[in-house]
1. Between region B:1-33 and region A:1-71, what is the C-alpha centre distance in whole Å?
2. If we count other beta carbons within 10 Å of each Cβ, what is the order of A:88, B:23, fewest first?
3. Quote the convex hull volume per residue of the protein assembly as shown, based on C-alpha atoms, as a whole number of Å³.
4. Expressed as a fraction of 2.2 N^0.38 Å, the rule-of-thumb size for a compact globular protein of N residues, what is the C-alpha radius of gyration of chain A?
5. Length gain on complete extension for the stretch residue A:114 to residue A:53, per 0.36 nm per residue less the alpha carbon to alpha carbon distance?
6. Taking other Cβ within 10 Å of each residue's Cβ, how do B:50, A:50 sort, fewest first?
7. Could you put B:54, B:15 in order, starting from the residue whose Cβ has the fewest other Cβ atoms within 10 Å?
8. Along each principal axis of its Cα atoms, how long is region B:22-115 end to end? Whole angstroms, biggest number first, please.
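The numbers here are math on the coordinates, done by the rules we state, and not lab data. As the structure is a prediction and not an experimental result, all values here were calculated from the model. Methodologically, a virtual Cβ is constructed for each residue, glycine included, from the backbone with ideal geometry; neighbour enumeration extends over all protein chains shown.
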């Protein structure tokens, strides 16, 4: 069974700290990678896609290592508003009647971040 | 655009009752999905659809049924509710131009309690 594993957390950090989340995935056929953010009792929302070359969006940096099947998310200068659960998400082939090109998202259990004043 | 909307927000069911969770999107997305999320767990795919008239099973389809008669709507049916179906249910859709499994937009969820 293909899985996505994340740091269990929770991470409790002071404002301004840098925090890193790690994630590993088991399906080498996975093609796309994402970090989603989920606030308490809310729906998941896309934070950023993860590219092989690494990518940055303001205080957030995502890295992908395909050889190690490893994904990371770095948050710099943490804000109170960053408090949420961060979900590592991987796109992998699903088969099914929808065609050989069908893919589905597999979600990690998430890592909870609490930024403390 | 309203995005993805779900009704009801919350429901309590007795064991053996049936209900339909409604999901509608106004983004003209061909691809739609139903997930369930149990406390402390990742989202699990129940069913998905690549377009009107086409549905496919996900990881945990047992106890559920779906239909897709229009692009906009993707209802999820529970025929005989069981306590194991207590969960939060999320509907999602994605842009057909991006392909299956790409960035998904989620509805606000339906919290279901089966007693």
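1. 28
2. With the fewest neighbours first, A:88, B:23 line up as B:23, A:88.
3. Details: hull volume 29.6 nm³, N = 232.
Per residue, the Cα convex hull of the protein assembly as shown comes to 128 Å³.
4. Details: Rg = 14.6 Å, N = 117, 2.2 N^0.38 = 13.4 Å.
Chain A yields a ratio of 1.09.
5. Values: separation 61, 0.36 × 61 = 21.96 nm, distance 2.87 nm.
Additional length available on full extension: 19.1 nm.
6. Values: B:50 20, A:50 23.
Ordered by Cβ neighbours within 10 Å, fewest first: B:50, A:50.
7. Working: B:54 14, B:15 11.
With the sparsest Cβ surroundings first, the list reads B:15, B:54.
8. Between the extreme Cα coordinates on each principal axis of region B:22-115 lie 40, 26, 21 Å.
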